[in-house]
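Undergrad: Here it is: the structure, laid out below.
The values are calculated or read from the model by the stated rules, or taken from the named source; none is laboratory data. Only a predicted model underlies this, so the values are computations on that prediction, with no experimental measurement involved. Methodologically, a virtual Cβ is constructed for each residue, glycine included, from the backbone with ideal geometry; neighbour enumeration extends over all protein chains shown. Calculation scope for accessible area: heavy atoms of the full protein, side chains included, ligands and nucleic acids excluded. Shrake-Rupley method; radii C 1.70, N 1.55, O 1.52, S 1.80 Å.
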Amino acid sequence: MKRKSLSRQIYAYFLIVIVLSLVSVGAVSYVQSSRALDDQVKQYMEQLIESANYQTDSYLEAYELLSNAFTTNSDVRSFMEIKPDDTYEHYEYSVKIKAFALDSIKSTVTLYKQLNMIYVTGRHGRSVIYDNQNLFFNFDPVLVQEKFTNLMKLTPGDGKIALLNMSIRPEDQGSVVTMARKVRGPSYSDENRGVVAIEIKLDELAKTWDRVNLGKDGFFFIVDDAGNYIYPPSMSERKSQDKLASQVLASGNQTFVTEYNKEERMFVSRKSGYSDWNLVASMPVQELRRPANTIRTTTIIVGLVTLAAALVLASRFGRSIIRPIRDLKDSMRETEKGNWQYIEDAGRTDEMGGLIHSYNLMVTRLSDMIERVYEAELAQQKNALELGETKLERQRAEFQSLQLQINPHFLYNTLETINCYAIVQDSGEITEMVEAMAFMLRYSVQTNLEEITVANELNHVRNYMIILQHRTEREFEIDVAIPPSLLLEKMVRLTLQPLIENIFQHAFPDGVEERHTIRIDARKEGGLFQVFIEDNGTGMKPERLAELRRKLEENRLAEPEEASTGVKRGGGIGLMNVHRRIQMVFGEAYGLSVDSEWGRGTCITMTMPETARPRLRG
C-alpha cells in the first residue's frame, strides 16, 4: 500500500483547521453582524415612524378640540333643526356660528394658518361654510345633498371622529384631509341631524412627514383602514386596496419584506393610536444590508490573506518537523540492516532533540552490547571446547540472537505515533511517550542481564503500556495482583513485557474491548517462584495448544520456513524467546508452561527457582 507523505498530511491538517476556523468565524460574524445591523435599521425605522406618528396624533388632537367645540355648541345643534325654507333663521344662526368660529380660530394662530375650511351641514340641506378667506356661502342644494349623504355614510354614528381623504372643492382634493363628526339636535336623545367637518391642510403635516429621513431610495406613505392612500399626493393616484395597501393592512404593526417595483424592500408599519391611518416607512433590502455586505467582503479578504500567511507558516513548521523525522527514519532503516548510523542533533533542545539524543544513545549502547556479547561468546567458546564445537556454536548463536531481537518495527511505529502527536496535539503526550520509550531502550541495553527484579519488569511493562495506549488511543489497565513481598524476587530481564505484547497481538485479534482483562500474579511454592499471566481473550484451539507445548519441550525458537512460501509461522520475540531465555539463565528444568481453553482465555506460567541467584549457563 502506498504510504502517505507526512508533510502533506501536516499541510492538509493545517489547511482544514485554518479553513474551518476562518469559515466558521467569518460565517458567524457575518450572520451576527447582519442580524444586528438589520435590527438596528429596523429599530431606526420604527423610531422614525413612532416619532412621525406621535407628531401626527398631536397635530390632529388640536383640531379635535375645535371639532368638540363645534359639535357641543348650542347654536350649531339648533341650526340642525331649522326648516329648509326659513331664510331668516338660517341667516341668524349663520351669524352666530360665524362669530363662534372667528373667536375659536383666532384664539389659536397655528390652527388658523393650517385650517382650510369649516362647514356645518344638516339633513335639511342648509349649511354654513367658513374657509380660510373668512367667507361664508351656501351650498348648491344638489351638491349639499350629495356631500351630506357621503359624510353621513362615512362618519361613525357614535359621535367619534372620522378622518376622510376628501374635500367639497375639487381644487382642494388631495391637499387636505377632512375631520368629520355627526351632530345631534338640541336634545341629546335626538338622532344625528347633521355633520360638522373641518378641512385641514396637509402642508404642515407634510413638513413633519418629510423629516422622516430614509435615505436615497427610501420613502414614506400613509394608508387609511379603507386602503386609501393619504400621503404623499403622488401615491393618491394608486387604487385603494391594491396589493401594497392590502399587505400593509394585513401586517398590522409588523415589519414585512416584499417585492415592490421589481425590488425587494422592507416595510415598517405603525397604526396611529388616534386615527385610522397606517404610517409606513420603506427602504430597499439591498441598501439595508450594504454594511453587512461590506463586512462580508472585508472578512473574505482578511481571511484569504490570513489563510495564505498561515499556509506559509504551516509549510515552514511542517518542514522543521519532517526533516529530523526523515533523518531518524532513514537512520533506523540502516540500523535494521545492522549499520549503526548516528544522527546530528544540530543543537536542538526540544522534544525532537531529546528523541534524537535517545536514539543515538540507543545505537551506542546496542553497539557496545553486541561487541561485549561477541567478545564474551568468543571467550566462552575457548573455555568450552571440551563440550563440543557444535553445542558451543549453538549456544553462542542463540544467545546473540536473543539479545539482538529487539523489535525495530515496534520502535519505528512508536516514532510514527509520536510524529502524529507532534502535529495534532501539544507536547504533553510527546514528552510522556519519549520518556517511556527512553526508559524501555535503556532497560533493553543494560549490561547486567540477569540482576533484575519483578518490580523492574513491571516498570518495563508500564512503560510499554504507556506507548501502546498512545498508539491505539485506547486506555487499558493490567490487574497486578503480585504480593509486595515478591516484588524484589529475581527474574530474567525482558521476559514479562514480550508476554504482554503477545497477548495484545494474539489474544485480542479483533481489538481490545471493555470486557477484556489481563492479570499478573505470582507465588512461591515448593522451592519454585512462579509468575502467572492470564487473559480472557480468544484462547487456543486444542491442536494449536498441543503444537505450542511440543515446541516448548523441544526448545525451538521458531518454526522453519515453509518450502513453498518461505513464510514463518511463529517465533520471534514471543513465547519461545522468553522460554529459552529463562532456560539459558536458570537451566533446562525451568521456563514457560501454557494452559488455554478456546473462547475462554489463556494462562501462561513462568517458572523459576526460588531465591536462586541467576547464572549464565555455558
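Undergrad: Sort Tyr91, Tyr342, Tyr231 by heavy-atom solvent-accessible area, probe 1.4 angstrom, most to least.
TA: Ranked from most to least accessible, the order is Tyr91, Tyr342, Tyr231.
Undergrad: Tell me, what is the FRET efficiency for Thr364 and Leu15 to the nearest 0.05, using R0 = 35 angstrom and their Cβ-Cβ distance as r?
TA: 0.30
Undergrad: How high is the FRET efficiency from Ala308 to Asp103, r the C-beta distance, R0 56 Å, rounded to 0.05?
TA: 0.10
Undergrad: So, in nm, how far is label Phe256 from label Leu37 when the simple model puts each one 7 Å beyond its Cα toward the Cβ?
TA: 2.6 nm
Undergrad: Would you calculate the separation in nanometres between label points at Glu610 and Glu89, each defined as 7 Å from the Cα along the Cα-to-beta-carbon direction?
TA: Taking the two extended label points, one gets 14.2 nm.
Undergrad: Mind scanning Lys153/Lys239; Lys490/Lys541; Lys83/Lys182; Lys160/Lys271; Lys98/Lys182; Lys239/Lys271 and naming the pairs with a C-alpha gap bigger than 23 Å?
TA: From the list (Lys153/Lys239; Lys490/Lys541; Lys83/Lys182; Lys160/Lys271; Lys98/Lys182; Lys239/Lys271), the Cα-Cα distance tops 23 Å for Lys490/Lys541.
Undergrad: Kindly sort Lys551, Lys42 by accessible area of their heavy atoms, largest first, with the probe set to 1.4 Å.
TA: Descending order: Lys42, Lys551.
Undergrad: A further question follows. Report the extension gain between Asp330 and Ser234 in nm, rounded to one decimal, defined as 0.36 nm multiplied by the number of residues separating them, less their alpha carbon distance.
TA: 26.0 nm
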